[in-house]
Amino acid sequence: CNFYLNRVEQLVIPNIQRLQKQFRSLGACIVYTEFGSMQTDGSDMAIWARRINNLGHDMVGSAVFPPFSDQSCRIDDRVGVNEGELIFQKSTSGPVNSTKMDHTLRVLGIQSVIVTGVVTEICVAQTTRELGDRDFNALVVEDACASMDETRHKSALEAIGITFGTVVSTDQAIALVQK
């Protein structure tokens with residue numbers, strides 16, 4: 001857990017902020033996802049999330065993945081969403097499956113997506129898979145995502161890079177969008 005928390009604080013949040021600054025300066029589209037449930041009891045979530053919520057209730061008395069009405073589902077305040085930036089609320093690990101992200105990106109003429117976030121082997125990987133399967137060029141920013149431990153993080157990035165997307169650093173992503 002220390003690896004995750006330290007990485008998010010010291011690397012992920014600052015690198016996402018750098019990417020936001022660059023994208024905003026170019027007037028590029030920025031999209032966020034929030035993970036939660038539209039139902040207060042979580043019944044609309046995927047079975048794996050319902051299982052984890054049941055475990056959370058048994059162990060600590062509350063859901064691990066609360067409903068969207070709970071503030072903990074919101075985008076981290078340090079990232080900060082600006083007016084006009086899109087937020088998709090998803091109830092699955094990948095946003096394409098449970099939102100209109102695919103349609104929206106296509107209408108906006110977007111062909112390449114830079115993916116950041118947490119947890120690398122779950123939501124980041126699934127987002128990349130879904131985008132890749134729908135013919136988007138998906139780039140995962142390795143130093144703007146995190147897992148609970150380094151082994152999982154590196155393994156997920158290796159799997160992503162083999163098939164579904166391209167793994168880049170924040171510096172590489174910024175250089176690519178400047179072209």
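Okay, here's what the table says:
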read-out: Interchain or long-range residues, amide H under 5 Å from Glu34's placed H; value: Phe88, Gln89, Lys90
read-out: Largest-first principal axis extents, alpha carbons of segment 110-179, Å; value: 34, 26, 18
read-out: Apportionment of accessible area to carbon and sulfur, segment 49-175, percent (1.4 Å); value: 49 percent
read-out: Estimated 222 nm signal from helices in the chain, with DSSP H stretches of n ≥ 4 weighted -39500 (n - 2.57), rounded to 500; value: -12500 deg cm²/dmol
read-out: Cut-off under 5 Å, modelled amide H: who pairs with Ile114 long-range; value: Leu139
read-out: Förster-model FRET efficiency, 41 Å R0, Ile110 and His57, C-beta, rounded to 0.05; value: 0.60
read-out: In sequence order, calculated HN-Hα J values of segment 102-113 (Karplus, 6.51, -1.76, 1.60; Hz; x Gly/Pro); value: 4, 4, 4, 4, 5, 4, 7, x, 7, 10, 10, 10
read-out: Taking the chain and dividing mean pair separation by its residue count, relative contact order in percent (alpha carbons under 8 Å, at least six apart); value: 23 percent
read-out: Angle in degrees between helix 47-60 and the longest Cα principal axis of the chain, rounded to the nearest 10; value: 60 degrees
read-out: Å² per residue, accessible surface of the chain at 1.4 Å; value: 55 Å²
read-out: Glu85, Glu142, Glu9, reordered so the largest accessible area comes first (probe 1.4 Å); value: Glu9, Glu142, Glu85
read-out: Test item: Cα-centred dipole of the chain, Lys/Arg +1 and Asp/Glu -1 on Cβ, debye; value: 320 debye
read-out: Ile47 - accessible surface, heavy atoms, 1.4 Å probe, Å² rounded to 10; value: 90 Å²
read-out: Centre separation in Å (Cα based) which lies between segment 124-154 and segment 1-33; value: 14 Å
read-out: Per-residue HN-Hα couplings for segment 84-99 [Karplus 6.51, -1.76, 1.60; θ = phi - 60°; Hz; x = Gly/Pro]; value: x, 7, 8, 10, 10, 9, 10, 10, 10, 5, x, x, 5, 5, 10, 9
read-out: Helix 13-26 axis, angle to the chain major axis (alpha carbon atoms, nearest 10°); value: 50 degrees
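The values are calculated or read from the model by the stated rules, or taken from the named source; none is laboratory data. These numbers were taken from a predicted model, which means no experiment stands behind them. Ideal geometry is used to build each Cβ from the backbone, glycine not excepted, and the neighbour counts take in all protein chains shown. Side chains included, ligands, DNA and RNA excluded: accessible areas come from the protein's heavy atoms. Shrake-Rupley method; radii C 1.70, N 1.55, O 1.52, S 1.80 Å.
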